[in-house]
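The values are calculated or read from the model by the stated rules, or taken from the named source; none is laboratory data. Note that the coordinates shown come from a computational prediction; the quantities given were computed from them, not determined experimentally. All Cβ positions, glycine included, derive from the backbone under ideal geometry; neighbour counts span all protein chains shown. Please note that ligands, DNA and RNA were not included when accessible areas were found on the heavy atoms of the full protein model with its side chains. Shrake-Rupley method; radii C 1.70, N 1.55, O 1.52, S 1.80 Å.
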Amino acid sequence: MTNQTIAYQGEPGANSHIICSQAYPGWTALPCATFEDAFAAVSEGKAALAMIPIENSIAGRVADIHHLIPTSRLHIVAEHFLPIHFQLMVLPGTRAESLTSVHSHIHALGQCRRIIRRLGLRAVVAGDTAGAAREVAEAGDPTRAALAPALAAEVYGLDIIARDVEDEAHNTTRFVVFSPEPVERDPGNGPTVTSFIFRVRNIPAALYKALGGFATNGVNMSKLESYMVEGKFTATQFYAEVDGHPEDDGLRRALDELRYFSKELRIIGTYPAHPFRETTRQAAE
């Protein structure tokens, strides 16, 4: 691949920047102001791929992503999981006793309540974690701190005075990688995930009937999300993920049944299941 640029939403030092560097070492990571900008960078050829967070083990699904997936016409080609760790960072030489406020993304503030409460800090919402670190560095105010990944402290020249301050140790974000073209994956080549969107026909019990084929064919559905289309309460679209390859006998039959009861069905990605899934499954057993 000649274009080795991967787009992400956020500023340098953000968690999305970290996973880009881990999953695609040697590639150029392109920061984008919004998710729409990251998708557009791929569609317009500025980047070959986009690394997009889709859900977090604490905060749940990432808002707006499921609305962008159908309209982007991009394809999911991989998934990655990143354990999330937040560091309390300050201007060099600042002590905790001097702090009065802490700045970060609203999810980060909500996931680090204990240290905020223990230090008696006022929580201030910022656009993203790395942006909060940059703003603290630029403000030069020793009463401000930021909650951000360790990379942000390195990028913006801040000191970390408390490490891994998140309330829950299992805090993990799942990212998916979007590409203009699908990556063909042969069946029987290891654990596979298939992602698709669909709209059921407007008939009684359509969703129940549409999903019945997955149960009768022994296909595990790991995700099913519904959301309105164009603000209409009667136009509901679904995003789903299942284990398996569309050419596997069971999944092929289940998709045929889903197709019969749907007015739209589009597979947007068939990609390797990340090993983290098996680790999580084993821990739950």
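Note on the stretch 99-171: enclosed helices (runs of 4 or more DSSP H) holding 1 or more residues that are in contact (Cβ under 8 Å) with a residue 40 or more places away in the chain, within 17 Å of residue 15 (Cα to Cα) and polar (S, T, N, Q) are 129-139.
Exactly one residue out of 75, 85, 80, 66 is at pLDDT 95 or above, touching an Asp or Glu at 6+ places or on another chain (Cβ under 7 Å) and within 21 Å of residue 6 (Cα to Cα): that is 75. Candidates are the residues of the stretch 60-90 that are more than 11 Å from the chain's Cα centre (by Cα) and of a type in the set (Gly, Ala, Ser); the one that is farthest from residue 185 (Cα to Cα) is 72.
Candidates are the residues of the stretch 179-194 that are open to solvent by less than 80 Å² (accessible area, probe 1.4 Å) and assigned to a loop (DSSP other than H, G, I, E, B); the one that is nearest to residue 7 (Cα to Cα) is 180.
Residue check: residue 157 meets all listed conditions (1) open to solvent by less than 10 Å² (accessible area, probe 1.4 Å); (2) closer than 30 Å to residue 46 by Cβ; (3) at pLDDT 95 or above but one, namely (1). Looking only at residues in the stretch 35-89 that are in contact with a helix residue (DSSP H, G or I) (Cβ under 6 Å, 6 or more places away or on another chain) and among the small types (Gly, Ala, Ser), the one that is surrounded by the most Cβ atoms within 10 Å (Cβ to Cβ) is 50. Could you tell me which residue of the stretch 53-68 is nearest to residue 14 (Cα to Cα), considering only residues that are touching a strand residue (DSSP E or B) at 6+ places or on another chain (Cβ under 6 Å) and not in a loop (DSSP other than H, G, I, E, B)? That would be 53. Here is a check on your reading of the model: is residue 11 open to solvent by 40 Å² or more (accessible area, probe 1.4 Å), more than 16 Å from residue 77 (Cα to Cα), charged (D, E, K, R) and assigned to a helix (DSSP H, G or I)? Spelling it out, it is not the case that residue 11 is open to solvent by 40 Å² or more (accessible area, probe 1.4 Å), more than 16 Å from residue 77 (Cα to Cα), charged (D, E, K, R) and assigned to a helix (DSSP H, G or I).
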